[in-house]
Amino acid sequence: MSLLEVTDLKVSFNTSDGVVQAVRGVTFSIDRGQTLGIVGESGSGKSVSTQTLMGLTPGAKVGGQALFEGQDLLTMTPDQLRRIRGSQISMIFQDPLSSLHPLYKVGWQIVEMIKAHEPGVSKAAARKRAIELLGMVGIPQPDRRVDDFPHQFSGGMRQRAMIAMALALNPKLIIADEPTTALDATVQAQILDLMLRLQREFDTALIMITHDLGVIADLADDVLVMYAGKPVEHTDRRTLYYRPHHPYTAGLLRSIPSGSGGRNDRLVPIPGQPPSLISPPSGCSFHPRCAYTMDRCVVEEPPLRPVADRHRSACWLPDEAVGLSAEVENLRGMAVDQGRKEASA
Amino acid sequence: MFRFIIRRLLFGILVLWLVSSTVFGLLHLSPTPVEKMIAGPRASAATVALIRHNLGLDRPFLIQYWSFLKNTFTGDLGYSYVTQSKVASLIADRLPATLWLVFGAAVLWFVGGITTGVLSATKARGLLDRVSTVFVLIGLSIPPFLMALLLLFLFFTKFGDWGIHLFQPGQYVSPLADPTMFLQRMILPWLALAFLIVATYTRLTRGSMMDVLSEDYIRTARAKGLSERRVVYRHGLRAALTPVITQFGVDLGALIGSTIVTEKVFGLQGIGQLVYSSIVQGDTPVILGVTLLTALFVVVANLIVDIGYSFLDPRVRLD
Ligand SMILES: Nc1ncnc2c1ncn2[C@@H]1O[C@H](COP(=O)(O)OP(=O)(O)OP(=O)(O)O)[C@@H](O)[C@H]1O
Ligand code: SF4
Ligand SMILES: [Mg+2]
């Protein structure tokens, strides 16, 4: 049994404009000590799907199953879920500047969390632990900085403090939602290093959400690529980087800024805009932006199917069409011609 | 901090000077000279001139202004034209009633406003939210005297018919002299005044609370596994209170001189009534004295708010 098994997760919101189908069937699992990367453009449903697991999307209509150590997170009572939050599963959010309470001391905020789950721990002991944690994540002079307010910390230090808080109760799973997006490049690398080191040390499972494939180039075991609320490709990191199948993944790889793990020096953004989640495109959601769109793509939705061992993709292109080389481009072109011919016949 | 307070005190004195000078100037421009008002329409010119001389109004304007300033800043507010008693003691007599009125009402509207504000923010669009929205609208749109009269009718006349005497009309009674009577006299004025203002506080709290509850750090608090109560009060309300408390300080200071209607309807002899009668009678020294007192309250309240702010929010530095 995996630590977390999410099956066909669906999340939608009723808004005055219509029903926003933010997540439309996500399936993945993660084991202890493993790292799963979730990538996708802004609005692809990465945050909503993970926050829903923690019950942090008020007003959402939720479907599917999310077994955490065999227990369904989605059907738990609020109190059961509350006890898991922070102690079993903790989260690190994108913006460290706004994620800490501005009116409370950093140490107090860590102590508060420890005491929420272990009411028996004395204030002094909790404080000592907070200082240790701050030291562990690389805050200098933690015994003094523990009494600082968040605004006295730099952005990088605040994110370190958030990591310290996330680790405070030695959780089994950490969900990091774009933890480095708001930081500058050097700090970004330091924070990623830190997370990786601590994850190994504590054997924690880690879900790392990002819209930048470069960020997880060194640290993810598996990667789930999301588009318009759906997973479109799911495989191990190596395969994803060298033999991507889905044209959207290939597009993401081409848009990695040079120097952060990508192989292309040029940065090629994917043309077009992410689709509306109120009325998503017919067939393959990516078809309005895809360079290989076939007639079939417009009418029939490609299922997430195996294209190789441990490699699944939701695209009608043939299984062999993996990789980024010119040869594969040809292969894809041929497949498209073939597909169009068949359709017109 | 110390330098901040000194600077603010100097600034406060400047404000008081500007306010008093403006009022002084305006009163001297008044179309009916004071001596005529005091002497009455049928008085002889000689009488008017005598009064004018006795009040020192025949001296050059600048001399009058200078002696006014000098006296004021030594705490001497002069004598009432009408009753000849000391302005300072007139004010001192009237101040307790008004202070108690404002203080009691403030407790009611502050607690009431925050409670309903928080409840309607956490249960936005729920029944309570809708009901309180209606009350907010009533509170904001009903004229103060009508509100006071309605309360008077309900609590005094109606409840009185049923044999319930919550409210006793009459003069202000010191709480030290007779606590029960004090409460019976004050309860309706408190309600009337609080009801006018509570709406503003409900809305202010609700808005501030809704903003705060959508902040990232509230999501963090939930993700930490804190109880919903703790999230809403310890994290949400704590942050949402700052603008409410700021407003509270400002309102408290400004209210001292604007309780005229409430005092009039309920027959409380407070500062408000003093203002009213001295304006009607053209009693310049009293008007000046009350104006200065009001300005003083506003200045002090603002200073307290600013200092309090730095305790409420560690990001605010006073220098
Ligand atoms: N409470 C809500 N009500 C309505 N729509 C929502 C709500 N929360 C999220 N959405 C919508 O759901 C979609 C997915 O949002 P989500 O935040 O999961 O994207 P994301 O992949 O995390 O993007 P980003 O990289 O910008 O963080 C977006 O279109 C968003 O507008
Ligand atoms: S299914 Fe068709 S439109 Fe969708 S990604 Fe594959 S080729 Fe492109
Ligand atoms: Mg997001």
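The values are calculated or read from the model by the stated rules, or taken from the named source; none is laboratory data. As the structure is a computational prediction, the values presented were derived from the model and not from experiment. Using ideal geometry, Cβ is built from the backbone for each residue, glycine included, and neighbour counts are taken over all protein chains shown. Quick note on the areas: whole protein, heavy atoms, side chains included, nothing else; ligands and nucleic acids left out. Shrake-Rupley method; radii C 1.70, N 1.55, O 1.52, S 1.80 Å.
For every residue, the table says whether it meets (1) away from ligand 2 (no atom under 16 Å from the Cβ); (2) at pLDDT 95 or above; (3) buried (at least 18 other Cβ atoms within 10 Å of the Cβ).
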position: A:GLY33; (1), (2), (3): yes, no, no
position: A:ILE38; (1), (2), (3): yes, yes, yes
position: A:SER42; (1), (2), (3): yes, no, no
position: A:LEU56; (1), (2), (3): yes, no, yes
position: A:PRO96; (1), (2), (3): yes, no, yes
position: A:LEU100; (1), (2), (3): yes, yes, yes
Might you let me know whether the range A:295-312 holds any residue that is loosely packed, with under 14 Cβ neighbours inside 10 Å, in contact (Cβ under 8 Å) with a residue 60 or more places away in the chain and not aliphatic (A, V, I, L, M)? yes
Residue that is nearest to the other protein chains (Cβ to nearest Cβ) [pool: residues in the range B:288-313 that are open to solvent by 30 Å² or more (accessible area, probe 1.4 Å) and over 15 Å from B:VAL15 (Cα atoms)]: B:LEU312
For residues that are assigned to a loop (DSSP other than H, G, I, E, B) and within 14 Å of B:VAL265 (Cα to Cα), scanning just the range B:114-171, find the one that is least open to solvent (accessible area, probe 1.4 Å). B:PHE167
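Results for (1) over 27 Å from A:SER99 (Cα atoms); (2) within 18 Å of the chain's Cα centre (by Cα), shown as yes or no for each residue.
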position: A:LEU192; (1), (2): no, yes
position: A:THR204; (1), (2): no, yes
position: A:ILE207; (1), (2): no, yes
position: A:ASP212; (1), (2): no, yes
position: A:ASP222; (1), (2): yes, yes
position: A:MET226; (1), (2): no, yes
position: A:HIS234; (1), (2): yes, yes
position: A:TYR242; (1), (2): yes, no
Those residues that are touching a strand residue (DSSP E or B) at 6+ places or on another chain (Cβ under 9 Å) and touching a residue at least 12 places away in the same chain (Cβ under 8 Å), I need them from the range A:318-329; list them, please. A:PRO318, A:ASP319, A:ALA321, A:VAL322
Output yes when any residue across the range A:152-159 is among the aromatic types (Phe, Trp, Tyr) and either assigned by TED's automatic domain parsing to the domain that holds A:VAL106 or touching a Pro at 6+ places or on another chain (Cβ under 6 Å) (or both), and no when none is. yes
Of all residues in the range A:118-145, which are in contact with a Lys or Arg (Cβ under 7 Å, 6 or more places away or on another chain) and over 20 Å from A:ARG197 (Cβ atoms)? A:VAL121, A:ALA126
Name the single residue, out of those in the range B:172-197 being part of a loop (DSSP other than H, G, I, E, B) and not charged (D, E, K, R), that is most open to solvent (accessible area, probe 1.4 Å). B:LEU176
Exactly one of A:LEU198, A:LEU194, A:LEU206, A:LEU224 is open to solvent by less than 20 Å² (accessible area, probe 1.4 Å), hydrophobic (A, V, I, L, M, F, W, C) and within 15 Å of ligand 1 (Cβ to nearest atom), and that residue is A:LEU224
The correct count of residues that are within 20 Å of A:LEU304 (Cβ to Cβ), surrounded by fewer than 19 Cβ atoms within 10 Å (Cβ to Cβ) and either basic (Lys, Arg) or within 10 Å of ligand 1 (Cβ to nearest atom) (or both) in the range A:11-31 is 0
For the range A:1-116, please list each of the strands (runs of 3 or more DSSP E) lying entirely inside it that holds at least 2 residues being touching a residue at least 60 places away in the same chain (Cβ under 8 Å) and within 14 Å of chain B (Cβ to nearest Cβ). A:89-92
